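S.K.: First, the structure itself, so that you have it in front of you.
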Amino acid sequence: MDFISNNPFDKVVFPKRVSEGVIKKIDKKDNFFTKQELNDFLTRLQVKSHAEQKYTLFRLLDFSGMRVSEALSLNWQDIYFDNSSIQINKTIYRGAITQKTSFLHPLRHLLR
């Protein structure tokens with residue numbers, strides 16, 4: 001029986017442990033835009049050239065309430081213009097419960 005002379009796992013570099021006080025936890029109330037901040041943000045995106053996709057994404061997130069991972073996983077087959085709805089049936093990470101959410105009329109022209 002042949003054995004290797006050295007252990008290949010001796011070369012593995014383990015990540016350093018971080019003490020608990022070092023990592024800043026994000027306060028949930030600081031993780032959202034206020035209504036005024038969102039309006040300012042969308043206005044600036046709308047004025048910027050080549051920012052139409054970003055504007056549409058953030059507008060969709062604002063009007064629908066869907067998660068970012070749900071919005072980024074959408075296909076054109078998930079959008080129903082005839083009844084103004086979007087079928088959310090997946091996320092980027094894993095399958096999710098199928099649900100339909102209605103999107104408001106102002107978004108309709110952005111998605112076409």
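The values are calculated or read from the model by the stated rules, or taken from the named source; none is laboratory data. All values derive from a computational prediction rather than experimental measurement. No Cβ is skipped: glycine too gets one built from the backbone with ideal geometry, and neighbour counts run over all protein chains shown.
S.K.: Consider only pairs whose beta carbons are under 9 Å apart and that are at least six residues apart or on different chains; among these, list those whose first residue lies in segment 10-39 and is closer than 30 Å to Asp62 by Cβ and whose second residue is at pLDDT 85 or above and among the acidic types (Asp, Glu).
M.R.: Filtered contacts from segment 10-39: Phe33/Asp40; Phe33/Asp62; Leu38/Asp62.
S.K.: Still on this structure: Can you tell me which residue in segment 56-90 is surrounded by the fewest Cβ atoms within 10 Å (Cβ to Cβ), limited to those that are over 14 Å from the mean Cα position of the chain (by Cα) and of a type in the set (Phe, Trp, Tyr)? Let's see the steps before the verdict.
M.R.: Within segment 56-90, the first condition is being over 14 Å from the mean Cα position of the chain (by Cα), and the residues that meet it are 63, 75-87, 89.
Now narrow it down to the ones that are of a type in the set (Phe, Trp, Tyr): 63, 76, 80-81.
Numbers: Phe63: 15, Trp76: 6, Tyr80: 13, Phe81: 10.
For segment 56-90, the residue satisfying everything is Trp76.
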